[in-house]
Amino acid sequence: MAQLYLDLIKNVLANTIYEDPPIPASWAPSEHYDALNRSLGVDWPSVAHTMIGMRRFENVESCVKQVLADGVPGDLIETGVWRGGTCIFMRAILKAHDVTDRKVWVADSFQGMPRPDATGHQGDRELASHRYNTFMATDIATVRRNFERYELLDDRVELLPGWFRDTLPTAPIERLAVLRLDSDLYESTMDTLVHLYPKLSPGGFVIIDDYHIPVCREAVSDWRVRFGVEDPIEDIDGLGAFWRRTG
């Protein structure tokens, strides 16, 4: 029954049930709902609570279940949550397995992507993700309501609003078992890894949703070289990637 619940939650979060059309975009593969595109997570849903697709959902599920099975200590976090769908799914996994001693941290500006300034990373300035904030920005009240719709907003959920450079250095997080990044940009990716990776338990997982974006991949590479992290990176679906911390 637990797996049936989780499979249903995934389909509802991705809205493969009512098949909402994607937001029109010049780069979008289709202006109509397409089951394959939604499964791959390559459209921007107009209604669904996530855009990560089923392969990346399955990766989240696998990583969370593995740390539970292995007793890896720590909470779960996503940095960059959009409408909250992945964090809602993380909380659903904990509920399905009667886990009451871990939290899900929901970290986001809740006002969209930051506008890079003149001193910021050149790649971030060129990407200019803030241009899409009319679609990307989801306020904290909406994310709370989305959790409530699934009856999953409780004291096991902690929302952490603000720019990562301001919130992550002092976030009251003791240990992490799963660290999932979905923040697109070089500086946001670097801020997250610098401040949160030291809290990741050995045996925990790092998931990089935007590894296909050059500036995100560059930040991961630069950070790994700087801190001597050599755990092998594994592909998820041609877009995201992950690794397991060994030491």
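The values are calculated or read from the model by the stated rules, or taken from the named source; none is laboratory data. Because the structure is predicted, anything quoted here is derived from the model rather than measured. Don't worry about glycine lacking a Cβ; one is built from the backbone with ideal geometry, like all the others, and counts go over all protein chains shown. Side chains included, ligands, DNA and RNA excluded: accessible areas come from the protein's heavy atoms. Shrake-Rupley method; radii C 1.70, N 1.55, O 1.52, S 1.80 Å.
Using only the Cα atoms, work out Rg/Rh for the range 138-247, with Rh taken as the Kirkwood radius, to two decimals. Write out the running numbers ahead of the final one.
Working: Rg = 14.7 Å, Rh = 15.0 Å.
So for the range 138-247, dividing Rg by the Kirkwood Rh gives 0.98.
Quick check on the range 1-139: what does the Kirkwood estimate of hydrodynamic radius come out to from the alpha carbon pairs, in Å? The partial results should precede the final answer.
On the way: mean 1/r = 0.0608 Å⁻¹.
About 16.4 Å for the range 1-139.
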#### Entry: Gained length - residue 246 relative to residue 233, 0.36 nm times residue gap less alpha-carbon distance
3.5 nm
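Rounded, prolate or oblate, given the Cα gyration tensor of the range 116-174, with a/c below 1.5 counting as rounded?
Working: a/c = 4.04, a/b = 1.60, b/c = 2.54.
Oblate, since a/c reaches 1.5 and b/c is not below a/b.
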### Summary
Here the FRET efficiency for residue 141 versus residue 18, based on Cβ atoms and R0 = 25 Å and rounded to 0.05, is 0.60
### Residue of 57, 135, 164 that the Gaussian network model of the chain assigns the largest fluctuation, springs spanning Cα pairs under 10 Å
135
### Task
Express the accessible area of the range 11-61 per residue in Å², computed with a 1.4 Å probe while the remaining protein chains stay in the model.
48 Å²
### Message
Just to confirm, what accessible area per residue do you get for the range 157-247 at 1.4 Å probe, in whole Å²?
### Response
42 Å²
### Message
Quick check: pseudo-label points 7 Å beyond the Cα along Cα→Cβ at residue 1 and residue 131, how many nm apart are they?
### Response
5.1 nm
### Query
Tell me, what is the 1.4 Å probe accessible area of residue 121, in Å² to the nearest 10?
40 Å²
#### Entry: Point-to-point label distance, residue 35-residue 54, nm (Cα→Cβ direction, 7 Å offset)
0.8 nm
#### Entry: Where labels lie 7 Å past Cα in the beta-carbon direction, separation of residue 122 and residue 149 in nm
4.2 nm
### Summary
Expressed as a percent, the accessible surface of the range 83-225 that is carbon or sulfur, using a 1.4 Å probe and the full set of protein chains, is 47 percent
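Hey, what's the per residue convex hull volume over the C-alpha atoms of the chain, in cubic angstrom? Mind dumping the intermediate values first?
Details: hull volume 29.3 nm³, N = 247.
Dividing the Cα hull volume of the chain by its residue count gives 119 Å³.
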